[in-house]
1. Kindly put 115, 7, 132, 31 in sequence by how many other C-beta atoms sit within 10 Å of each C-beta, fewest to most.
2. Can you give the FRET efficiency for residue 43 and residue 73, using 1/(1 + (r/R0)^6), R0 = 30 Å, r = Cβ-Cβ distance, to the nearest 0.05?
3. With θ set to phi - 60°, apply the Karplus curve 6.51 cos²θ - 1.76 cosθ + 1.60 along the range 215-230 and write out the HN-Hα couplings as whole Hz, x wherever there is a Gly or Pro.
4. Tell me, what HN-Hα J-couplings in whole Hz come from the Karplus equation 6.51 cos²θ - 1.76 cosθ + 1.60 at θ = phi - 60° for each residue of the range 64-72, using x for Gly and Pro?
5. Please tell me which of these pairs span more than 23 angstrom C-alpha to C-alpha: 88/220; 88/134; 20/237; 236/280?
6. Can you give me the long-range amide H partners of residue 46? Hydrogens built in the peptide plane at 1.01 Å from N, cutoff under 5 Å, separation of 5 or more residues or another chain.
7. Take 231, 26 and order them by how many other Cβ atoms sit within 10 Å, fewest up front.
Amino acid sequence: MPQSKTTLAAFTASRKAIDKFVTASMRQGRTWGEESVTERLLMAAYPTVRYVEFNRAQEEVVGADWLWWFVDRSGEAFGALVQAKKLKVQAQSCAIDFKHPGGDAAGKQMRNLLTTAEFLDVPAVYALYCGTLKYREEVTECPVHEYRGRPCQRCQRASIMMLSALAAQELAYLSPASAGSSTFETGVPLEDLVDPEVCADSFPFDAPLAVELATFFEQKQEGVRDIAKAMFNSVKKARQLLMATPEDLGDDTVFGTIPAGLGQFEPDKLPFRHILRGLKRELPRDVADAIESGGQLGLWEYRRFIAGVVVVDVDATESE
């Protein structure tokens, strides 16, 4: 009988391929880095997850971040600019280098990521490569269970975690020394984002919201709306949000008007705007063109800033 490959199965294959690579690297005493892991993630998920890597030499690409788009059966899409980061094990603790040492000042890489995401009109997200269970077992605490032993589903899936850059920024500023462990606990496994049985937590806001937006936060969501909600939740966990004057996101977004949201955020990086601007009514045409043409068309304006584009068909099936 024909077998179906779901998006969840594709990302599970990616995680297993990465775990195998990390294990082999450790046995050989070699380091493993973000670019090599990203390559294995995308190759293992293909063709259920489609991607195009731009030719750096020809296109003069300077960015290392990938533009990801999740698309569901409704046609709605959620985009994010994704930067890979490795969880580093060191002296009974773990660290994630959010404040990259290169550049004029600490934190320049994070600021560049947020600025580029603003230009692309999508949120900034980190893909955290946390290694195998063995790699991280002595330095991470699972937020699901309080004992060590048989790993839970989250422990197994935690090799690849997704976290809003705004949440990472808050955690890094509030407690730099514990940012690594905090982001591991706050992030969402990539497989959970496309697993229909794992949904983002729902919660009411103290202040009144428009009916459709209140429904979004208070009730269970599916597809790309659930993914957007999961990314927003990570920011809410990192910093309690207050309400501000509503603002217009644009006709192409699912929620045209949203509260700005306050907190210790810069004006152009307020959480409601930053996350929900990525939730579009449909996949942008230039993204579809780039994927369908194998990189020959589309996204010309953005190629200097990104390494490539990824399109994830949520709940997609493919027969063999």
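No value in this document is a laboratory result; all are computed from the given coordinates. Remember, it's a predicted structure, so these values are computed and weren't measured experimentally. Cβ sites come from the backbone with ideal geometry, for glycine too, and all protein chains shown count toward neighbours.
1. Values: 115 14, 7 24, 132 18, 31 9.
Neighbour counts put them in this order, fewest first: 31, 115, 132, 7.
2. Details: r = 26 Å, r/R0 = 0.85.
With a Förster radius of 30 Å, E is 0.70.
3. Whole-Hz 3J(HN,Hα) from phi for the range 215-230: 4, 4, 7, 8, 10, 4, 10, 10, x, 5, 5, 5, 5, 4, 5, 4.
4. Each residue of the range 64-72 in turn: 10, 8, 10, 8, 9, 10, 9, 10, 10 Hz.
5. Numbers: 88/220 35 Å; 88/134 13 Å; 20/237 32 Å; 236/280 21 Å.
The answer is 88/220; 20/237.
6. Counting only residues 5 or more places away or on other chains, the set is empty.
7. Details: 231 29, 26 15.
Result, fewest neighbours first: 26, 231.
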